[in-house]
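Remarks on the structure that follows.
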Amino acid sequence: MRLPAQSKRSRTWIQVGASVTALAGTLYFVDRAEIGHHLRHMQSGWLALTLAILLAQYVVAAARWWFFARQLSAPLGFSRALAEYFLAGFLNQVLPFGILGDVTRGIRHARAVRAERGPGAGNARVVLAIVLERAAGQFALWLVVAAILPGWWRATSYLSGHAFAMGILAGLLVVACAVLAVLAWQRWCASPDIKRLLSEAWRTMFAPKNLVIHLPLSLLLVATHTLAFVTIAHGLGLHLPFALALRVVPLVLVTTSLPVFMAGWGVREATVAGLYHLAGLCGAEGVTIALVFGGLSLLASVPGILALRHKAEVLERPRDGESSAA
């Protein structure tokens, strides 16, 4: 079902407004002169290294998608997967909602499958491959978040006498979300076809032989995001140990996944500023790193434009004797 054009425009302006408001509010509360000072003294070598890291992330993420597509018998060549992932990354950066790039790569992949196997073939598996690829990233990210949250709890428990109550409230919120998810699962899974598809999705996601492949890829993406913050800090003449960045960046990735903001702008800078403040560091330094990270992320996605020159009918054909059935 397509959204009316007016609704699309409204949501776009809401996202842009939310990002501008959050960014302006963050810049209001930090030392803008210090941000300008660090930006004027950027070292190009470190920034080039960061750009290389961000480009390498596309290779890792495309490999994860390529893997899930093969497992679901909707394969595509790795070079095509890489090109489509670059295109999706670029569109997610410049278009609203934050998912239109993923929708586009799904459509282009589905067209390739139809060209290979006929109308309607494998559409559900194409969509499922993208959903699982994204879910695998979130799964790994939340594993890291779960590992770092106790450290933040210990470090910030002195800030409020109600910290324990806040923790209980957060726990109840998680339980409530879990209950709602179970109820939604029961309602949406009435169809036997959907049940079979979800059952296959669960096996594909959590089968040990698959988990040992996609989980390290996803953890590597979290690590490279963290490393990118560290190299940007070095390029700005700032000190940011990897261990400290690992406490900050995963939480930033969680907030930037919210669809309310345009490509994470605004909420990324606000989150970094807040976490830097909680860690007893200078918020302006964190905001500067976040601003440069956002700019370099956009730059790293630009090669995706080249993917528009290619048609989406390039599939990896099964080898002789290799079945393409599920």
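Quick one: which of 100-112, 45-57, 21-33 comes out on top by average Cβ neighbours within 10 Å, and what's the full order, highest first? Let's see the in-between values first.
Working: 100-112: 20.5, 45-57: 17.1, 21-33: 15.2.
Ranking the peptides 100-112, 45-57, 21-33 by packing returns 100-112, 45-57, 21-33.
For the range 267-279, take each phi angle, set θ = phi - 60°, evaluate the Karplus expression 6.51 cos²θ - 1.76 cosθ + 1.60, and give the result in whole Hz per residue in order, putting x for glycine and proline.
5, 5, 5, 5, 5, 4, 4, x, 5, 4, 5, 5, 7
Subtract the Cα-Cα distance of SER44 and ALA147 from 0.36 nm times their separation in residues, and report this length gain in nm to one decimal. Walk me through the intermediate numbers first.
Numbers: separation 103, 0.36 × 103 = 37.08 nm, distance 3.37 nm.
Length gained between SER44 and ALA147: 33.7 nm.
Taking θ as phi - 60°, what are the ³J(HN,Hα) couplings along the range 65-73 by the Karplus curve (6.51, -1.76, 1.60), each to the nearest whole Hz, with x for Gly and Pro?
Each residue's phi maps through the Karplus curve to give 5, 4, 5, 5, 4, 5, 5, 9, 6 Hz.
Given a Förster radius of 22 Å and the C-beta distance between ALA52 and VAL254 as r, what FRET efficiency does 1/(1 + (r/R0)^6) yield to the nearest 0.05? Write out the running numbers ahead of the final one.
On the way: r = 25 Å, r/R0 = 1.14.
It comes out at approximately 0.30.
What FRET efficiency comes out for PHE139 versus ARG309 if R0 is 30 angstrom and r is the Cβ-Cβ distance? Round to the nearest 0.05. Don't skip to the answer; put the middle values down first.
Working: r = 34 Å, r/R0 = 1.13.
The value I calculate is 0.30.
Suppose R0 equals 41 Å; then what is the FRET efficiency for LEU278 and VAL59 from their Cβ-Cβ distance, rounded to the nearest 0.05?
Working: r = 34 Å, r/R0 = 0.83.
The value I calculate is 0.75.
Gain in length, LYS195 to HIS234, computed as 0.36 nm per residue apart minus the alpha-carbon separation, to one decimal in nm?
Working: separation 39, 0.36 × 39 = 14.04 nm, distance 4.99 nm.
Full extension from LYS195 to HIS234 adds 9.1 nm.
Step through the residues of the range 10-23 one at a time and calculate ³J(HN,Hα) from phi using the Karplus curve (6.51 cos²θ - 1.76 cosθ + 1.60, θ = phi - 60°), rounding each to whole Hz and writing x for Gly and Pro.
Once θ is set to phi - 60°, the couplings for the range 10-23 become 4, 5, 4, 5, 5, 5, 4, x, 5, 5, 5, 5, 5, 5 Hz.
So what's the net charge close to LEU221: Lys and Arg +1, Asp and Glu -1, counting the other residues with Cβ under 15 Å from its Cβ? Don't skip to the end; give the middle numbers.
Numbers: positive: ARG64, ARG134; negative: GLU133.
Result for the neighbourhood of LEU221: +1.
A short reminder: the numbers here are calculations on the coordinates, not readings from a lab. This one's a predicted model, so the numbers in the text were calculated from it and none came from an experiment. All Cβ positions, glycine included, derive from the backbone under ideal geometry; neighbour counts span all protein chains shown.
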